[in-house]
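The block underneath contains the structure these notes are about, expressed in structure tokens.
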Amino acid sequence: MKIILLGAPGAGKGTQAEIIAEKLGIPVIGTGAIIREAIASGSELGKQFQSYTEAGKLVPDELVVKMVAERLKGGDCKKGYILDGFPRTVVQAEAFDRMGGEVDAVLDFEIGDDAIVKRMSGRRVCEKCGATYHVTNLPPKTEGVCDKCGAALAIRKDDAPETVLERLKVYHELTEPLVGYYKARGLVKTIDAAESLETITAKTFAAIGAPEA
Ligand code: AMP
């Protein structure tokens, strides 16, 4: 099962990616998480990435495409994968097609900008394993601590309100056109991402035709 998750930042793609991945036993390829790891490592490439992410801008297409092409060579991707945050532009989608990238379903998580801004203020992320939480919608068992690996939870720098507005602008301008790109191939299933986590999860499994339980 090869799945692309589309939707604005904060729509809940990362949360659904983790849930589906665990159930189907396939990896999540989250470009945002890979980029955050590179930044945390302090590498030259990471420093380059940081200037874009902290401004709410996209990292240049060629760097992200290279990263994904490398990751897809991993043996764990043979059974399938969930792309979370890639492709993010039509240029990236075309590059993905050229590298022989396959996709069975594209899930488009739809939610209004106002709800996104509200939701982002409560988002927390594990600094070590990248798992995502929300202070009210998806709280960890112990406040501030990751359920999965025990590391500390933090607020993403790019979740600052002014950066979120810039990210939404970039989303509408550069990423939203991908919905039409994949609709033309009959691959898109739209999911109302403003609903409760349980409802979104149920609709996600229904959309990919997999049992949730
Ligand atoms: P995300 O965790 O998916 O919201 O990504 C966080 C940030 O990483 C984005 O705001 C971008 O700066 C960068 N990023 C993630 N994925 C991509 C991508 N496919 N293309 C360009 N930049 C990306």
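The values are calculated or read from the model by the stated rules, or taken from the named source; none is laboratory data. Bear in mind the structure is a predicted one, so any value in this text is a computation, not a measurement. Virtual Cβ from ideal backbone geometry, glycine too; neighbours counted across all protein chains shown. Just so you know, the surface numbers come from the protein's heavy atoms only, side chains and all, with ligands and any DNA or RNA stripped out. Shrake-Rupley method; radii C 1.70, N 1.55, O 1.52, S 1.80 Å.
What number comes out for accessible area per residue over region 44-139 if the probe is 1.4 Å? Units Å², please. Intermediate values should be presented prior to the final figure.
Numbers: 4970 Å² over 96 residues.
I get 52 Å² per residue for region 44-139.
Given C-alpha coordinates of region 38-116, what is the ratio Rg to Rh with the Kirkwood estimate of Rh? Can you show the working numbers first?
Values: Rg = 14.4 Å, Rh = 14.5 Å.
Here Rg/Rh amounts to 1.00.
Find how many whole Å separate the alpha carbon centroid of region 155-210 from the alpha carbon centroid of region 81-146.
Using only Cα atoms to place each centre, the spacing works out to 8 Å.
Lys/Arg Cβ at +1, Asp/Glu Cβ at -1, dipole of the chain taken about the Cα centre: which of V91, A152, G10 is farthest positive-ward?
A152
Using a Gaussian network for the chain with springs between C-alpha atoms less than 10 Å apart, which of these wobbles most: E198, E110, E176?
Judging by the Gaussian network model, the answer is E198.
Under a Cβ-only charge scheme (Lys and Arg +1, Asp and Glu -1), can you give me the dipole magnitude of the chain about the Cα centre, in debye to the nearest 20? Before the final figure, lay out each step's value.
Details: 28 positive and 31 negative charges, 81 e Å.
With only Lys, Arg, Asp and Glu charged at Cβ, the dipole is about 400 debye.
On the protein heavy atoms, probe 1.4 angstrom, tell me the percent of accessible surface of region 57-213 carried by carbon and sulfur. Each step should come with its number before you reach the end.
Working: 4560 of 8350 Å².
So the carbon and sulfur contribution to the accessible surface is 55 percent.
For region 108-212, what's the radius of gyration and Dmax over Cα atoms, in angstrom?
Spelled out, the Cα radius of gyration and Dmax of region 108-212 are 15.6, 45 Å.
Over the chain, what is the relative contact order in percent, taking alpha-carbon pairs closer than 8 angstrom and at least six residues apart?
Working: 306 pairs, mean separation 63.3, N = 213.
So the answer I get is 30 percent.
Looking at region 1-156, how many pairs of lysines come closer than 14 Å at the Cα, when each pair is eight or more places apart or spans two chains?
Details: K2/K23; K2/K78; K2/K79; K23/K79; K128/K148.
Total qualifying Lys-Lys pairs in region 1-156 comes to 5.
Excluding ligands and nucleic acids, what accessible area in Å² is computed for S121 using a 1.4 Å probe, to the nearest 10?
80 Å²
Calculate for the chain the 222 nm mean residue ellipticity that helices alone would give, adding -39,500 (n - 2.57) per DSSP H run of length 4 or more and normalising by residue count, nearest 500 deg cm²/dmol. Spell out each step's value before the answer.
Working: 9 runs with 91 residues, N = 213.
About -12500 deg cm²/dmol.
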